[in-house]
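The values are calculated or read from the model by the stated rules, or taken from the named source; none is laboratory data. Everything numeric in this text was worked out from a predicted model, so none of it was measured. For neighbour counting, all protein chains shown are included, and Cβ atoms are generated from backbone atoms with ideal geometry for every residue, glycine included.
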């Protein structure tokens, strides 16, 4: 390519590939990275009212869902493309894949393109840990992890790093998943207990995380399994028709959500009346409302994932690029010398 046709600096967009993300995570350390992303998420929750907010745009099928999750703080625009296909694992595919973009609002130019399959796992766990910092019992040391798939280890490490959890009790209907998680967490500094039943897993747990993948109304936790004083981190229910908790648990809990118009469609609270009271998490983060108010209170974070959390994670990654160098430059934007002469740019390339 001649110098005259070489892409300008404006045409180049930083791209964080899967390989780059793996390098970044291991350079920083997954636990530290999730704790730092949690700080970014909390900072953005503190300026919640600055963001454009809309439920994700979803295309549902019998096999799963493909979603776009957009938001903007007025200066930067971001979106994530993500799928959720519960049957994928049996077919040799990932259940969730994703990528994301940040762009300047003032001229519309993208400033970051990144893989987000790994990053979504990190930000999901970071969000859970950030929320639990406001909602879980003080000095909680034991977490039950029901559902030991791709998100399991991220949750365990994030809760250890952010909240100081010491013991994680694992259960999955697939024993191989529990064995995988226990193996991966063997050197994590956590005491790992593999359990034969969900009832055994929640025994003595102050925090209960549910993270299962079946796209159906399900009862992972029954009412008699949940005692007073616990914090429930429900992250598996994230689309219409998919839940994990018995309705009676919801009626006993103080429920905290990200964005009610989305959560009432996709979260555990789709089981409840449309006017059932819930508390927006950002109001707790800024001190407008109380999170955990008593030792006997059952708090429930009905988390379905929201676009601002992905925005925060992408913002974090962008801030690491200069120091870590884990990115490539992609020639993504046609940038002719004369903005009116895009056709001339095409013709000059032919010569």
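Out of 263, 279, one residue alone is assigned by TED's automatic domain parsing to the domain that holds residue 240, out of contact with any helix residue (DSSP H, G or I) (no Cβ under 9 Å at 6 or more places or on another chain) and crowded, with 17+ Cβ neighbours inside 10 Å. It is 279.
Out of all the residues in the range 32-51, is one or more over 27 Å from residue 133 (Cβ atoms), outside any loop (DSSP other than H, G, I, E, B), touching a residue at least 40 places away in the same chain (Cβ under 8 Å) and within 19 Å of the chain's Cα centre (by Cα)? Looking for residues that are over 27 Å from residue 133 (Cβ atoms), outside any loop (DSSP other than H, G, I, E, B), touching a residue at least 40 places away in the same chain (Cβ under 8 Å) and within 19 Å of the chain's Cα centre (by Cα), one finds none in the range 32-51, hence no.
Selection over the range 309-348 of residues that are outside any loop (DSSP other than H, G, I, E, B) and loosely packed, with under 11 Cβ neighbours inside 10 Å gives a count of 4. Of all residues in the range 38-66, those satisfying the criterion of being at pLDDT below 95 and crowded, with 20+ Cβ neighbours inside 10 Å are 56, 65.
Somewhere in the range 56-73, is a residue touching a residue at least 40 places away in the same chain (Cβ under 8 Å), outside the structural domain of residue 150 (by TED's automatic domain parsing), closer than 27 Å to residue 13 by Cβ and not in a strand (DSSP E or B)? Yes; the residues of the range 56-73 include at least one that is touching a residue at least 40 places away in the same chain (Cβ under 8 Å), outside the structural domain of residue 150 (by TED's automatic domain parsing), closer than 27 Å to residue 13 by Cβ and not in a strand (DSSP E or B). Of the residues making up the range 74-97, those that are buried (at least 17 other Cβ atoms within 10 Å of the Cβ) and more than 17 Å from residue 58 (Cα to Cα) are 76, 77, 88. Counting only helices (runs of 4 or more DSSP H) that sit wholly inside the range 217-308, those with at least 1 residues that are under 26 Å from residue 122 (Cα atoms), touching a strand residue (DSSP E or B) at 6+ places or on another chain (Cβ under 7 Å) and touching a residue at least 12 places away in the same chain (Cβ under 8 Å) are 260-266, 281-285. Scanning the range 98-109 for residues being more than 15 Å from residue 71 (Cβ to Cβ) and surrounded by fewer than 18 Cβ atoms within 10 Å (Cβ to Cβ) gives a total of 4.
The combined condition, being assigned by TED's automatic domain parsing to the domain that holds residue 230 and within 23 Å of residue 206 (Cα to Cα), is fulfilled by residue 252. Applying the criterion of being touching a strand residue (DSSP E or B) at 6+ places or on another chain (Cβ under 8 Å) and part of a helix (DSSP H, G or I) to the residues of the range 9-31, the residue that is modelled with the lowest pLDDT is 11. Could you tell me whether residue 287 is over 27 Å from residue 81 (Cα atoms) and crowded, with 20+ Cβ neighbours inside 10 Å? Here the answer is no, as residue 287 does not meet what is asked. Selection over the range 68-94 of residues that are within 14 Å of the chain's Cα centre (by Cα) and modelled with pLDDT under 95 gives a count of 2.
Every condition in (1) closer than 24 Å to residue 29 by Cα; (2) touching a helix residue (DSSP H, G or I) at 6+ places or on another chain (Cβ under 7 Å) holds for residue 136 except the one numbered (1).
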